[in-house]
Amino acid sequence: MSAALARLTSHGTDRRAAADEFRARHHGGVIGYVGADVPVEYVTAAGLLPLRLSGTPGAPSTAGDRFLGTGLDPAARSVLTRLLDGDFGPLDGIVVSRDCEASLRLFYALRELRRVDPALALPPVHLVDVLHLPHRTTTRYVRAKLGQLRATVETWAGRSIGDSALADAITAHDRLRELLTGAAALRRSHPARLTGTQALTVVAATTALPVDRATALLEALLAEADRLPEHEGLRVFLTGSPHDTDHVYTALEDSGLLVVGEDHDWGDLLSLRRTAAPTEAALAERYQYNGPAAPRASIRARAAHTRRAARECGAQVLVSYARIRDDAPGWDYPAQREATGLPSVLLSRQPYGALGDEATEALAALAGPVRAPAEPAR
């Protein structure tokens, strides 16, 4: 493994270490956030570290279950549990995007727990509501919400965010997205230079590191691309629920599959769209038109995007993974299957961060005919 890839993999799997290193160097200043609709540029512009919060599949989520109930997406319940357990270290604030119902309920729980139980020492929390309708009135609404976030981050940081600092942050994060697109191309190549697990972990690392550090490591990784090992396998495009850890990717690739692309916001969707100009107005449009993520986009938009992305990846099969309590992927799947025309399977009601026994059997049944050699002509 290359040195740059090793460092990115380390930070992608141990997010707390990256946050602790930033705290040590800057004496605090870490803002946790939930959802790709959070404009991290404001956090960077204020001199703080945006740390995307993730769950821990397989670990008990008793505390999160107590306050959110067991009828909600287990990823959100796991994030709340980790926050209550202090797993992310001291945070100066938390920003939650209204990207799905689970995120919204997580925000309400955090706000109420902070109000009624000061002993929990939860940080202040802010909700940012980004709408994705293609209207000018939506743009004005989103810009107003971004202005509220800017004011909140300024309060947490104890300093104002100047337009110049914001412009620099926008430029820096767009450069990072450009490099992430380059990294994604490494696993789309034939043969792939990154596995899906490695690519997912690289993306995760960039949501835990300062933007300049993440940029430097990605530049080093791309410079080493020709020396990276080659990877082969049945090429899979993965759709459905987002994956905030690499557990499912590892399980898929341990069975001989190769995840060459996905359409969730912990993967390729995170870097898909750039900002047209280093201004607050352009930033609002960037987040307004970002996606299309399963909880907020139309079935038609999802199917069209999946068709294009799967073709660009050279995918041989389509796998839709829908974890328990996440119903949106099931609605998208029929149109995605028809749009791609690929052999496909829907793995529904899967445990958080794992594959059920029936899913493993379904994948084997899907892969068998694709892997089987064609009958010789007679």
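The values are calculated or read from the model by the stated rules, or taken from the named source; none is laboratory data. Everything numeric here is computed off the predicted structure, so don't read it as measured data. Because the Cβ atoms are built from the backbone with ideal geometry, glycine has one as well, and the counts that use them run over all protein chains shown. Please note that ligands, DNA and RNA were not included when accessible areas were found on the heavy atoms of the full protein model with its side chains. Shrake-Rupley method; radii C 1.70, N 1.55, O 1.52, S 1.80 Å.
Here Glu312 passes the criteria (1) acidic (Asp, Glu); (2) modelled with pLDDT of 95 or more; (3) out of contact with any strand residue (DSSP E or B) (no Cβ under 9 Å at 6 or more places or on another chain) except the one numbered (3). When Ala310 is tested against the conditions (1) open to solvent by 30 Å² or more (accessible area, probe 1.4 Å); (2) farther than 16 Å from Val38 by Cα, the lone failure is (1). Among the residues of the range 74-93, not a single one is among the hydroxyl-bearing types (Ser, Thr, Tyr) and either within 20 Å of Asn290 (Cβ to Cβ) or more than 20 Å from the chain's Cα centre (by Cα) (or both).
Here is a check on your reading of the model: is Leu366 under 21 Å from Val259 (Cβ atoms), touching a Leu at 6+ places or on another chain (Cβ under 8 Å) and not β-branched (Val, Ile, Thr)? Here the answer is no, as Leu366 does not meet what is asked.
Given the structure, is Glu21 touching a His at 6+ places or on another chain (Cβ under 7 Å) and on the phi < 0 side of the Ramachandran plot? So Glu21 does not fit the description; no. For the range 168-194, a residue qualifies if it is open to solvent by less than 20 Å² (accessible area, probe 1.4 Å) and in contact with a strand residue (DSSP E or B) (Cβ under 6 Å, 6 or more places away or on another chain), and the qualifying residues are Arg187, Ala192.
Criterion first (open to solvent by 20 Å² or more (accessible area, probe 1.4 Å), acidic (Asp, Glu), over 30 Å from Val370 (Cβ atoms) and in contact with a Ser or Thr (Cβ under 9 Å, 6 or more places away or on another chain)) does Glu285 satisfy it? Against the criterion (open to solvent by 20 Å² or more (accessible area, probe 1.4 Å), acidic (Asp, Glu), over 30 Å from Val370 (Cβ atoms) and in contact with a Ser or Thr (Cβ under 9 Å, 6 or more places away or on another chain)), Glu285 qualifies.
Among the conditions (1) in contact with a strand residue (DSSP E or B) (Cβ under 9 Å, 6 or more places away or on another chain); (2) on the phi < 0 side of the Ramachandran plot, Ala119 misses just one, which is (1).
Within the option set Thr250, Thr207, Thr215, Thr197, being more than 21 Å from Val345 (Cα to Cα), open to solvent by 10 Å² or more (accessible area, probe 1.4 Å) and touching a residue at least 40 places away in the same chain (Cβ under 8 Å) holds for one residue only, Thr215. Conditions: (1) modelled with pLDDT under 95; (2) of a type in the set (A, V, I, L, M); (3) crowded, with 20+ Cβ neighbours inside 10 Å. Ala225 meets all but one. Number of the miss? Result: Ala225 fails condition (3) only. Counting only residues that are closer than 16 Å to Glu280 by Cβ, small (Gly, Ala, Ser) and buried (at least 17 other Cβ atoms within 10 Å of the Cβ), the range 112-167 holds 2 of them. Within the set Pro124, Pro134, the sole residue that is modelled with pLDDT under 95 and either of a type outside the set (S, T, N, Q) or touching a Cys at 6+ places or on another chain (Cβ under 9 Å) (or both) turns out to be Pro134.
Restricting the range 314-338 to residues that are among the basic types (Lys, Arg) and surrounded by fewer than 22 Cβ atoms within 10 Å (Cβ to Cβ) leaves a set whose member that is farthest from Phe237 (Cα to Cα) is Arg325. Going residue by residue through the range 115-131, is there one that turns out to be in a helix (DSSP H, G or I), in contact with a helix residue (DSSP H, G or I) (Cβ under 8 Å, 6 or more places away or on another chain) and within 24 Å of Gly353 (Cα to Cα)? No, because not a single residue in the range 115-131 is in a helix (DSSP H, G or I), in contact with a helix residue (DSSP H, G or I) (Cβ under 8 Å, 6 or more places away or on another chain) and within 24 Å of Gly353 (Cα to Cα). Taken as a whole, the structure places Arg105 among residues that are more than 30 Å from Glu219 (Cα to Cα) and part of a helix (DSSP H, G or I).
Those helices (runs of 4 or more DSSP H) of the range 1-83 in which at least 2 residues are touching a residue at least 40 places away in the same chain (Cβ under 8 Å), open to solvent by less than 20 Å² (accessible area, probe 1.4 Å) and within 20 Å of Gly93 (Cα to Cα), considering only elements entirely within it, cover 15-26, 40-45.
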